[in-house]
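First comes the structure, then the notes that go with it.
The values are calculated or read from the model by the stated rules, or taken from the named source; none is laboratory data. Note that the coordinates shown come from a computational prediction; the quantities given were computed from them, not determined experimentally. Here the Cβ is made from the backbone with ideal geometry for all residues, glycine too, and neighbour counts use every protein chain on show.
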Amino acid sequence: MGSLPATAAATNVLINPAQPERVYAADATSIYRSDDAGQTWQAASQGLPNGGIAALSLDPRQPQRLYAATAGSLFLSEDGGTIWDELPGAATDAAT
């Protein structure tokens, strides 16, 4: 575990409603997770493309389920941000 990088400019911050000590922060390039209310942070971007995180959302009924949007794709994590998978059919064509 480590600290949130000094260069991280979080554009999204989420708190797990069922486990308030779990916090997520996303900037334009990465997603980070804290399991101790922000005291320490770890990268939570395995499976996401490098850069381009446009939005981050948490399913309030299933807080282990997160969604991350990039410029052309939507990604899902079923395990609190440990591993991400691109959702098939959710890609957008930037040309249209």
### Message
Quick check on my filter: what residues within segment 11-42 are surrounded by 15 or more Cβ atoms within 10 Å (Cβ to Cβ) and without any contact (Cβ under 8 Å) to a residue 40 or more places away in the chain?
### Response
I15, V23, A25, D27, T29, S30, Y32, S34, D35, G38
### Condition broken by I83, with the remaining ones in (1) part of a loop (DSSP other than H, G, I, E, B); (2) out of contact with any Gly (no Cβ under 8 Å at 6 or more places or on another chain); (3) not aromatic (F, W, Y) satisfied
(2)
#### Entry: Unique match (being of a type in the set (F, W, Y), out of contact with any Pro (no Cβ under 9 Å at 6 or more places or on another chain) and assigned to a strand (DSSP E or B)) among Y24, Y32
Y24
### Task
Determine, yes or no, whether L58 is touching a residue at least 40 places away in the same chain (Cβ under 8 Å), out of contact with any His (no Cβ under 8 Å at 6 or more places or on another chain) and aliphatic (A, V, I, L, M).
yes
### Task
Confirm whether T11 is within 14 Å of the chain's Cα centre (by Cα) and of a type in the set (S, T, N, Q).
yes
## Note on the structure
Filtering segment 55-75 for residues that are modelled with pLDDT of 90 or more, surrounded by fewer than 16 Cβ atoms within 10 Å (Cβ to Cβ) and out of contact with any Leu (no Cβ under 8 Å at 6 or more places or on another chain) leaves a count of 3
